[in-house]
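Novice: Structure provided below as structure tokens; questions to follow.
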Amino acid sequence: MKHFIFGILALLFGLSGCAVSGKHSPTAPASVAPASEATDFANVPAQKTNDPLQRFNRTIFAFNDSLYTYALRPVAHGYVLIVPRPVRTGISNFFDNLGFPVRFANCVLQGKFVRSAQETGKFVLNSTAGIGGLIRVSDHVPSLADVPAEDFGQTLGVWGIPPGPYIVIPVLGPSDCRDLVGFVGDYALYPLDWYPLGIIHHSFVSDAVLIALSATRYVGGLPKAIDTYDQMKSAAVDPYIAIRDGYLSYRAAQIKK
């Protein structure tokens with residue numbers, strides 16, 4: 001029963017977490033694809049779209065847009081006002097470092113063994129010299145800086161599995177069928193989710209601390225994600241099309257890295 005309750009809480013945080021981390025997609029604050037790479041993707045070539053559910057997707061897009069505008073944006077602005085920038089950076093670095101198992105496992109699954117070694121070097125260096133990952137010391141090591149992050153959606157793409165139809169998920173935002181499966185895989189690989197999912201049977205921190213860490217992780221990613229979403233929306237004649245095409249192009253470009 002306890003695992004069930006925490007599984008529900010973890011899922012709720014996971015849904016909002018896609019909204020904040022932009023797991024992979026910098027196209028919107030809520031995305032099934034990974035959040036740590038809020039990169040400018042405006043110049044990647046447009047992909048052929050597979051969007052047979054456009055009417056449904058536009059309805060969910062409008063719902064998500066209201067959620068971002070009236071719920072997540074105030075939270076993001078409040079977080080920026082209250083938490084100093086150096087603290088926000090440290091928090092972001094800490095949770096990014098904690099995501100090492102996701103990136104490492106997917107590097108191995110894709111056969112990118114040099115990159116998996118780089119991820120290991122980053123994790124060891126940042127966890128030790130970087131005080132538990134609060135400081136990204138690896139950014140100052142040329143061989144470890146700017147290592148492209150891998151996720152399970154990319155792994156499936158490398159394996160030749162097609163993306164399937166584009167779909168907008170309530171709260172999560174833009175995705176496709178492949179990335180939706182990939183999100184589940186990455187969620188299970190992230191250490192904070194192991195206890196709620198029952199993968200491990202002993203929590204190393206109290207339940208309250210675990211919930212607080214999960215909430216902090218996702219709230220910490222909101223400001224950058226909301227800013228990216230607002231920039232795309234304000235510059236687009238049709239925000240739905242802009243975010244859809246940007247998401248699909250960005251994900252296709254990530255798979256090719």
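Novice: Which whole-number percent gives the relative contact order of region 161-214, counting Cα pairs below 8 Å spaced six or more residues apart? Can you show the working numbers first?
Specialist: Numbers: 32 pairs, mean separation 10.6, N = 54.
With pairs under 8 Å counted, the relative contact order is 20 percent.
Novice: How do 161-171, 213-223 rank on mean C-beta neighbours within 10 Å, highest first?
Specialist: Details: 161-171: 17.5, 213-223: 21.6.
Put in order of decreasing packing, that is 213-223, 161-171.
Novice: Turning to a different aspect of this structure: When you count, for each residue, the other Cβ atoms within 10 Å and take the mean per peptide, how do 233-246, 185-198, 146-159, 77-90 rank with the highest first? Intermediate results must be reported in sequence, preceding the final value.
Specialist: Details: 233-246: 15.9, 185-198: 19.2, 146-159: 20.9, 77-90: 13.0.
Descending mean neighbour count gives 146-159, 185-198, 233-246, 77-90.
Novice: What is the calculated FRET efficiency for PHE113 to ARG85, with r their C-beta to C-beta distance and R₀ = 41 Å, to the nearest 0.05? Display every interim value, and only then the final one.
Specialist: Values: r = 36 Å, r/R0 = 0.89.
E between PHE113 and ARG85, to the nearest 0.05, is 0.65.
Novice: Excluding same-chain residues fewer than 8 positions from LYS48, which aspartates and glutamates have a Cα within less than 15 Å of its Cα?
Specialist: Result set, ordered by chain and number: ASP176, ASP245.
Novice: Show the residues, 5+ positions off or on another chain, whose built amide H is closer than 5 Å to the amide H of ASP176.
Specialist: Amide H to amide H, under 5 Å and 5 or more residues apart or across chains, ASP176 pairs with ILE167.
Novice: Let me make sure I get this right: for region 156-257, a, b and c are the square roots of the gyration tensor eigenvalues over alpha carbons, sorted descending. Under 1.5 in a/c it's rounded, otherwise prolate if a/b > b/c, else oblate. Which is it?
Specialist: Numbers: a/c = 2.83, a/b = 1.49, b/c = 1.90.
Cα axes put region 156-257 in the oblate bin.
Novice: Excluding same-chain residues fewer than 8 positions from LYS224, which aspartates and glutamates have a Cα within less than 19 Å of its Cα?
Specialist: Leaving aside aspartates and glutamates fewer than 8 places away in the same chain, those within reach of LYS224 are GLU37, ASP40, ASP65, ASP96, ASP146.
Novice: Got the relative contact order for region 113-257 handy, in percent, Cα pairs under 8 Å and 6 or more residues apart?
Specialist: Working: 99 pairs, mean separation 23.9, N = 145.
Relative contact order for region 113-257 comes out at 16 percent.
Computed from the coordinates by the stated procedures, all read-outs in this text should not be read as laboratory data. Since this is a predicted model, take the numbers as computed values, not measurements. Every residue, glycine among them, receives a Cβ derived from its backbone with ideal geometry; neighbour counts consider all protein chains shown.
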